[in-house]
1. Pairing the Cα long axis of helix 164-173 with the longest principal axis of the chain, what angle in degrees results, from 0 to 90 and rounded to the nearest 10?
2. Say R0 is 25 Å: what FRET efficiency, to the nearest 0.05, do residue 13 and residue 75 get from their beta-carbon distance?
3. Per 0.36 nm of contour for each residue apart, how much would the distance between residue 101 and residue 204 grow if the chain were fully extended, relative to their Cα-Cα spacing?
4. Helix 118-133 against the longest principal axis of the chain: what's the angle in degrees, Cα atoms only, rounded to the nearest 10?
5. Work the Kirkwood hydrodynamic radius out for the range 74-169: mean of 1/r over every pair of different alpha-carbon atoms, inverted, in Å.
6. Mind pulling the angle between the C-alpha long axis of helix 147-156 and the longest principal axis of the chain? Nearest 10 degrees, somewhere in 0 to 90.
7. Report the full-extension gain for the segment residue 136 to residue 34: residue separation times 0.36 nm, less the Cα-Cα distance, to one decimal in nm.
8. Please label the shape of the range 118-220 as rounded, prolate or oblate, based on the square roots a ≥ b ≥ c of the eigenvalues of the alpha-carbon gyration tensor (a/c under 1.5 means rounded; beyond that, a/b larger than b/c means prolate, else oblate).
């Protein structure tokens, strides 16, 4: 059945912030009616930039989610296809337009962070692997990772920008990182210029000092 022979309209349930097919006004929308899209908006406390998490439900069961923004919504909606949400491109565009129309009516949600989330343990593993390959960032007390690289690893593990502040706060509470005057990122000279870095406690991560640096430390201590 061609797309132009169908009419599909989306409607927002404001109480649950969920979009579903308006079956009263839609025609031949049996496939699309199997899908619902629940939205949560998060605002970064520092930059005030808003992100949007959209979770798909298929036949009432959770079926994957994406993190996007109102700016990138039209492009990112098609990412739901990788979860088996195979609708025509027209219907994704119509849904994106309806979300834009109702955006102001969707409440901003509270960022809830859990260190029991598998993303957290995955991030710690990724950080350890980063230092295994970048020994120049390792000192006796700390392992330094540039903020942009830390953010990239966090994104790779599934964290959105709106979650990064809470993520750093949890790393501090778990005594993984050094915090100076309430700041989770500090200035450190790496190479020829200072950079903003996250300073991980080396022993907490279980990172061994590189052999050359260990020998240098012994010489400085007068052991050799």
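1. So the inclination is approximately 40 degrees.
2. 0.50
3. Numbers: separation 103, 0.36 × 103 = 37.08 nm, distance 4.84 nm.
Extending this stretch completely gives an extra 32.2 nm.
4. With rounding to tens, the tilt is 40 degrees.
5. Values: mean 1/r = 0.0603 Å⁻¹.
Taking every pair of different Cα atoms in the range 74-169, averaging 1/r and inverting gives 16.6 Å.
6. Computed tilt is about 50 degrees.
7. Values: separation 102, 0.36 × 102 = 36.72 nm, distance 5.28 nm.
Working it through step by step, the gained length comes to 31.4 nm.
8. Working: a/c = 1.84, a/b = 1.59, b/c = 1.15.
Cα axes put the range 118-220 in the prolate bin.
Readers should treat all values here as calculations from the given coordinates under stated rules, not as data from a laboratory. It should be emphasised that the depicted structure is a prediction, and the values quoted were computed from it without experimental measurement. Cβ: placed from backbone, ideal geometry, glycine included. Neighbour counts: every protein chain shown.
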